[in-house]
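The values are calculated or read from the model by the stated rules, or taken from the named source; none is laboratory data. Computed from a prediction, not measured in an experiment: that's the story for all the values here. Neighbour counts are summed over all protein chains in view; Cβ atoms, including those assigned to glycine, are modelled from backbone coordinates with ideal geometry. For accessibility, only protein heavy atoms count, side chains too; no ligands or nucleic acids. Shrake-Rupley method; radii C 1.70, N 1.55, O 1.52, S 1.80 Å.
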Amino acid sequence: MEKLRIAIQKSGRLSEKSLELLKEAGISLNNGSRKLRSVAQSFPLEVIYLRDDDIPQYVEDGVAHIGIVGENEFAEKECAVDLVERLGYSRCRLSIAIPKSEDYGGLEDMNGRRIATSYPVILTKYLGEHGVKADVHVLSGSVELAPSIGVSDAIFDIVSSGSTLISNGLKEVETIMRSEAVVIANRNMEEGVKSILANLLFRIRSVKAASNNKYILLNAPNEKLDQIIQTIPGMKSPTVMPLAEEGWSSVHSVLSEKEFWGVIDRLRELGAQGILVIPIEKMIV
Ligand code: PRT
Ligand code: ZN
């Protein structure tokens, strides 16, 4: 039977979350310790484990049908693959940083400067778009050390908390790109494989929607019911049922994580009582 082949980072910042995502999508893999390849039990899927740098090319070549990579790798490699889903984890940014004692007047300060990076394509493109001519110096690792050993004047690298920059005496001066884990796909998949991918993406979206939403139940005084319903519109509209106690109703709905606290505060102001918030296991989108 046809299988969808997915490439996942062998070991690194994307590995664990990517496997967890598959698990939440109901896909269990048959190996405890990671091998080069594993086959899912209850879904037509095969996983191959690769270095993240190699994944875009393998997907372009069709060795894997899809892959999970940082958006930065997708942008850097410029492979002929499609970005089909954003996953929201392993978020980071790619920024230019300079020694913290130096002043920064804007991107034009980079004219004639040496910038060390592992992402020359993204950097060169950005500088070109802004008419800045710098000397881009490619390093495969430990980019943050380059200024202190005199290899460069600035760096362009991944930043997450910013502590690596601080501990190397650098400061972030320009953010060029934001990145998160994404699913990339081959452009020439057979119909059978495409439909497996559609099913996988449907499951992934349901997992994502569930983690971004909560189920809320509350008791509302009837005279405030209209205002309470407006505060929590829900997926369609909330379910409203009369309570045994005269003048009160029970309201059930779905609340997004983003607006959560604002809505709760407003509901309390309106006299809602017995508010219960429950995690959603899956949400079919
Ligand atoms: O071995 P392989 O080639 O597969 O892995 P890798 O070492 O190239 O990649 P890995 O596992 O480090 O990162 C994989 C992906 O995670 C990256 O491509 C990014 O999309 C994403 N990601 C998210 C990060 C970070 N956060 C991150 N903080 N990748 C790297 N870092 C590094 C960064 O290079 C810098 O050295 O962490 C340091 C900065 O972190 P802060 O928190 O000190 O700012
Ligand atoms: Zn890598």
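Below are the figures for this structure:
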| item | result |
| --- | --- |
| Qualifying position, being outside any helix (DSSP H, G or I) and free of Cβ contacts under 8 Å to residues at least 40 places away in the same chain, among Lys194, Lys236, Lys214 | Lys236 |
| Criterion violated by Met1 - all others in (1) part of a loop (DSSP other than H, G, I, E, B); (2) away from ligand 1 (no atom under 16 Å from the Cβ); (3) open to solvent by less than 30 Å² (accessible area, probe 1.4 Å) satisfied | (3) |
| Residues located in region 51-73, provided they are farther than 18 Å from Tyr119 by Cβ, open to solvent by 30 Å² or more (accessible area, probe 1.4 Å) and within 13 Å of ligand 1 (Cβ to nearest atom) | Tyr58 |
| Positions within region 119-140 being within 16 Å of ligand 2 (Cβ to nearest atom) and either under 13 Å from Leu107 (Cα atoms) or open to solvent by 40 Å² or more (accessible area, probe 1.4 Å) (or both), in sequence order | Val121, Val138, Leu139, Ser140 |
| Among (1) modelled with pLDDT of 95 or more; (2) part of a loop (DSSP other than H, G, I, E, B), the one test that Gly141 misses | (1) |
| Residue within region 219-232 that is on the phi < 0 side of the Ramachandran plot, in contact with a Phe, Trp or Tyr (Cβ under 8 Å, 6 or more places away or on another chain), open to solvent by less than 20 Å² (accessible area, probe 1.4 Å) and more than 16 Å from ligand 2 (Cβ to nearest atom) present | yes |
| Residue within region 26-48 that is modelled with pLDDT of 95 or more, touching a strand residue (DSSP E or B) at 6+ places or on another chain (Cβ under 7 Å), surrounded by 13 or more Cβ atoms within 10 Å (Cβ to Cβ) and assigned to a helix (DSSP H, G or I) present | no |
| All positions within region 239-259 that are open to solvent by 30 Å² or more (accessible area, probe 1.4 Å), closer than 30 Å to Val183 by Cα and in contact (Cβ under 8 Å) with a residue 24 or more places away in the chain | Ser256, Glu257, Lys258 |
| Condition broken by Ile115, with the remaining ones in (1) out of contact with any strand residue (DSSP E or B) (no Cβ under 7 Å at 6 or more places or on another chain); (2) not assigned by TED's automatic domain parsing to the domain that holds Arg187 satisfied | (1) |
